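Structure record follows, encoded as structure tokens.
The values are calculated or read from the model by the stated rules, or taken from the named source; none is laboratory data. Only a predicted model underlies this, so the values are computations on that prediction, with no experimental measurement involved. All Cβ positions, glycine included, derive from the backbone under ideal geometry; neighbour counts span all protein chains shown.
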Amino acid sequence: MSTQMLNSSPGGTQTVIVCQGTGCVSSGSVKIFEELVKGIAQEGLAAKIKAKISGCHGCCEQGPIVIVEPEGIFYCKVKLEDVPEIVASQLKNNHPVERLLYKNPLNGEIIPHYRDIPFYAKQQRLVLRNCGHIDPEKIDDYIAVGGYQGLKQVLAKMSPEQVIEEVRRSGLRGRGGAGFPTGQKWEGCRKADGDIKYVICNADEGDPGAFMDRSVLEGDPHSVIEGMVISAYAIGSTEGYVYVRAEYPLAVKRLRLAIKEAEARGFLGKNILGKGFSFQIHVNEGAGAFVCGESTALMRSIEGKPGKPRQTPPRSVEKGLWGKPTSLNNVKTFACVPVIITRGAGWFAGIGTPKSTGTAVFALTGNIMNSGLVEVPMGATLREIIFAVGGGVLGGKPFKAVQIGGPSGGCLPESALDLPVDFDSLDEAGAMMGSGGMVVMDRDTCMVDTARFFLEFTQAESCGKCVPCRIGTKRMFELLTKITEGRGVAEDVEILSELAEGISTTALCGLGQSAPNPILSTIRYFRDEYDEHIKNHRCRAGVCKSMITYFIEPAKCQACGSCRRQCPTDAIEGAKNLIHIIHQEKCVKCGNCVTACPPRFSAIKVISGEPVPAVLPASERTLVRTKGEK
Amino acid sequence: MSSGVDLVPLAPVLRNYREQATSLISMLQEIQKIYSYLPEDVLKHLSQETMIPMSRIYAVATFYAQFYLKQRGRKVVRVCRGTACHVRGSSLVLNAVERELGIKDGETTPDFEYTLETVACIGACALAPAIVINENTYGKMTPSEAAKLVSRKEKKE
């Protein structure tokens, strides 16, 4: 796709693209874009150089990102004050600003073109094909890269049954997590009895640590709209909804704009492309409830009621929104549809593995070098994603675990790194494709605390309708809290496992059934950490406050006072040339001293499960400086 | 009906309801846009005008995290508690902000200057740990930097 983009700039003109995904916007890319536009005008370059915005380019770690096409020159961590130099040097004289180019962290080598950066080079972008390349607020940009061709093709020469057959042959499975075959769902809905049928796009991406759906909506909203219209045609629906988190204001804004533009061009609304088929899309903003990502709860919420799931069957394809047959798919599923039509089911099925075709999109985050949005063929291994694309663990620390699938998923250890990423392998290993968050955890992450973190979330988000989830998640959360606070007893792990098994088999909906996964997977792979917490009161990661002590190593302390000034409770005593000590009775374990202590000293040690050395009396704490220090 | 809450801005919300049968959630979202929270008197008025029982309004308003039944501060501080932020130390950031403002998650300072909240994820994971103050995102926070941002000792923000 990117090569197609490269050739698309007419007559030697250049385009400078400023990423305006959420990550880059958060670090100031809106002003950078304005400044660039101003600079281009002032230098009289407007005829030759076009400036535009794009959605998320993926390499959020390096944001704000500015790209110059067709060359693909990649500027990272751009600041407002860098703009004049980019204009004067790069845009005016075609001379790249070297200091802003990407440097390979491994060898310091400068990589000017983003296609050569390992982060991008190892990816295959299908769902994200246009993200970061086109202006999401201009429909012509989407059309220029082949947008709405799939829809034209469908309406011109395919019957609804042929569309369903094509999607079925592609092997496309739902990208929302469960991996249900999309063609089968559409067919079920088409065959269901009913005068009115609905198509719903689930964009209620509530999983902490996931932002793929948002990035697609922000970066390429028309691909989702096109997918929905094709789906509606296949099913026989005239009305659809996009249910999107209200916490995603930018996605909502761009989606609404895209719907208006698509209507104005006849791709949406009445009598689409003059072929007699009509379909309209409503945007429904969620109001902050994780459970609404569950399809039956989501439909209740669109109806204006509290979003509580219901028992299935009847399945939604028979009795969904307002009791009518409803087909619900995830944002990324819809985004796949137009390319399946234009490039063919065979092409799509050729990517990935036989049972999980196509690509997988992940938000790669946590203790990782390159946080960002990545897309790889299904079947790529975790190791390839984390190390080849993600650049490995942040700060070169040892890898401990990778959490996949958010609160419904699990934590996998190093031994699982060669596992292929597809729906079934992850399921077997105790994780889940889930919504696609992939959080890398280093040595300093406590696995018991991680399980507690997810249960804190699920018990708060439980809708309360069924007993196993309402009470069960709370009990599990209490047990995990007890263990992390050093009050755990030997039986607790057994009780946890038993509860977890019970809840996963008896809860009403997916939220409850999968809520125990973070516990089950951490017990399965990191049982020794549970035992250490309970038996030795030791948190090897130094996270659980009740079992850690901060201690200043006298041999390392240089009495610089940094920690003392940052301590909120005046627990640190010391003076110039007097080695500092911590008064434990005053310490609230806020961790300020650890971050305040200059890395070249690293004098603050986190002790857990072992005796804390006695502090030296003041008379022995006078600092003796060695030569060369002051 | 006498607490001084201006009910005039409610008129278009009710009109939309009558003409287009807007859902209760959408109406509450609109009301909150107008008043920045859901004042009890406004909800009572809504109930009378739409014949939707107060119990149903209350059920919806308390089910969804985005509805507030209490007035909030001029500055809303949201500490991101997404997974990426969590593994990069956001609980310590939250503690620091709580200590600095003297309030806990979900509370508002008595002078209505600050409301402190946590959010499940703001999607700026590359900037973890992140906090949001009104519309501005601050990334790669340390506990002491976060405390400084909301410090009332010196002017900041």
* Among all residue pairs at least 6 apart or on different chains, which show Cβ distances below 9 Å where the first residue, located in region A:233-251, is within 14 Å of chain B (Cβ to nearest Cβ) and the second is part of a loop (DSSP other than H, G, I, E, B) and hydrophobic (A, V, I, L, M, F, W, C)? -> A:Ala246/A:Ala287; A:Glu247/B:Ala120; A:Glu247/B:Cys121; A:Glu247/B:Ile122; A:Tyr248/A:Phe211
* Within the set of pairs 6+ apart or on separate chains, which have a first residue in region A:576-603 that is within 14 Å of A:Ala555 (Cα to Cα), a second that is buried (at least 16 other Cβ atoms within 10 Å of the Cβ) and acidic (Asp, Glu), and C-beta atoms under 7 Å apart? -> A:His580/A:Glu573; A:Ile581/A:Glu573
* Can you tell me which residues in region A:322-361 are surrounded by fewer than 24 Cβ atoms within 10 Å (Cβ to Cβ) and within 14 Å of chain B (Cβ to nearest Cβ)? -> A:Trp322
* Out of the residues in region B:116-157 that are of a type in the set (S, T, N, Q) and out of contact with any Ser or Thr (no Cβ under 9 Å at 6 or more places or on another chain), state the one that is farthest from the other protein chains (Cβ to nearest Cβ). => B:Asn134
* Structure fact -> Taking region A:506-524 and keeping only residues that are within 12 Å of A:Gln459 (Cα to Cα) and touching a Leu at 6+ places or on another chain (Cβ under 8 Å), one is left with A:Ala515, A:Pro516
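What strands (runs of 3 or more DSSP E) lie completely within region A:556-630 and have 3 or more residues being under 20 Å from A:Val543 (Cβ atoms) and under 40 Å from the mean Cα position of the chain (by Cα)?
A:604-607
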* Any idea which residue in region A:443-475 is surrounded by the fewest Cβ atoms within 10 Å (Cβ to Cβ), counting only those that are within 14 Å of another protein chain (Cβ to nearest Cβ) and in a loop (DSSP other than H, G, I, E, B)? -> A:Gly464
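Any idea which of A:Ala297, A:Ala287 is of a type in the set (A, V, I, L, M), touching a Gly at 6+ places or on another chain (Cβ under 6 Å) and within 14 Å of chain B (Cβ to nearest Cβ)?
Result of the check over A:Ala297, A:Ala287: A:Ala297.
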* Asked: Do the conditions hold for A:Val440, that is, is it crowded, with 24+ Cβ neighbours inside 10 Å, of a type in the set (Val, Ile, Thr) and either more than 23 Å from A:Val331 (Cβ to Cβ) or within 11 Å of chain B (Cβ to nearest Cβ) (or both)?
  -> yes
* To do: For A:Gly542, work out the one condition from (1) under 30 Å from A:Val493 (Cβ atoms); (2) in contact with a strand residue (DSSP E or B) (Cβ under 7 Å, 6 or more places away or on another chain); (3) of a type outside the set (Phe, Trp, Tyr); (4) not in a loop (DSSP other than H, G, I, E, B) it doesn't fulfil.
  => (4)
* Structure fact -> Over region A:497-515, the set of residues in contact (Cβ under 8 Å) with a residue 24 or more places away in the chain and either under 28 Å from the mean Cα position of the chain (by Cα) or crowded, with 22+ Cβ neighbours inside 10 Å (or both) is A:Ala500, A:Ile503, A:Ala507, A:Leu508, A:Cys509, A:Gly510, A:Leu511, A:Gly512, A:Ser514, A:Ala515
* What is the one condition in (1) farther than 24 Å from A:Gly323 by Cα; (2) buried (at least 20 other Cβ atoms within 10 Å of the Cβ); (3) touching a Leu at 6+ places or on another chain (Cβ under 9 Å); (4) not small (Gly, Ala, Ser) that A:Glu247 does not satisfy? -> (3)
* Restricting to helices (runs of 4 or more DSSP H) lying wholly in region A:166-278: which have 2 or more residues that are touching a Gly at 6+ places or on another chain (Cβ under 8 Å), within 19 Å of A:Gly21 (Cβ to Cβ) and of a type outside the set (Val, Ile, Thr)? -> A:212-219, A:221-235
* Structure fact -> Expected output for region A:95-112 (first residue over 21 Å from A:Pro84 (Cβ atoms), partner among the hydroxyl-bearing types (Ser, Thr, Tyr) and surrounded by 10 or more Cβ atoms within 10 Å (Cβ to Cβ), Cβ below 6 Å, 6+ apart or cross-chain) is A:Ile111/A:Tyr102
* With respect to B:Ala59, determine if the residue is at positive phi, within 14 Å of chain A (Cβ to nearest Cβ) and out of contact with any Phe, Trp or Tyr (no Cβ under 8 Å at 6 or more places or on another chain). => no
* To do: Determine whether region B:2-18 contains at least one residue that is touching a Lys or Arg at 6+ places or on another chain (Cβ under 9 Å), more than 14 Å from chain A (Cβ to nearest Cβ), in a loop (DSSP other than H, G, I, E, B) and modelled with pLDDT of 90 or more.
  => no
* Set A:Glu71, A:Glu109: member being surrounded by fewer than 23 Cβ atoms within 10 Å (Cβ to Cβ) and in contact with a helix residue (DSSP H, G or I) (Cβ under 9 Å, 6 or more places away or on another chain) -> A:Glu71
* Structure fact -> Those residues of region B:51-71 which are in contact (Cβ under 8 Å) with a residue 24 or more places away in the chain and surrounded by 17 or more Cβ atoms within 10 Å (Cβ to Cβ) amount to B:Ile52, B:Ile57, B:Val60, B:Ala61, B:Tyr64, B:Gln66, B:Phe67, B:Tyr68
* With the checklist (1) free of Cβ contacts under 8 Å to residues at least 60 places away in the same chain; (2) among the basic types (Lys, Arg); (3) crowded, with 20+ Cβ neighbours inside 10 Å in hand, flag the one item A:Lys308 doesn't pass. => (1)
* Asked: Can B:Ser36 be described as more than 10 Å from chain A (Cβ to nearest Cβ) and under 25 Å from A:Leu250 (Cβ atoms)?
  -> yes
* helices (runs of 4 or more DSSP H) contained in region A:483-533 and holding at least 3 residues polar (S, T, N, Q) -> A:492-506, A:517-531
* To do: Considering each of B:Val93, B:Val87, B:Val150, B:Val97 in turn, give the residue that is among the hydrophobic types (A, V, I, L, M, F, W, C) and touching a residue at least 60 places away in the same chain (Cβ under 8 Å).
  => B:Val150
* Asked: Inside region B:19-52, can you point out the residues that are of a type outside the set (Gly, Ala, Ser) and at pLDDT below 90?
  -> B:Glu19, B:Gln20, B:Thr22
* If we scan region A:187-196, do we find a residue that is modelled with pLDDT of 95 or more, buried (at least 24 other Cβ atoms within 10 Å of the Cβ) and either of a type in the set (Ser, Thr, Tyr) or touching a strand residue (DSSP E or B) at 6+ places or on another chain (Cβ under 9 Å) (or both)? -> yes
* **Criterion: out of contact with any Asp or Glu (no Cβ under 7 Å at 6 or more places or on another chain) and β-branched (Val, Ile, Thr) - qualifying residue of B:Thr108, B:Thr118** => B:Thr108
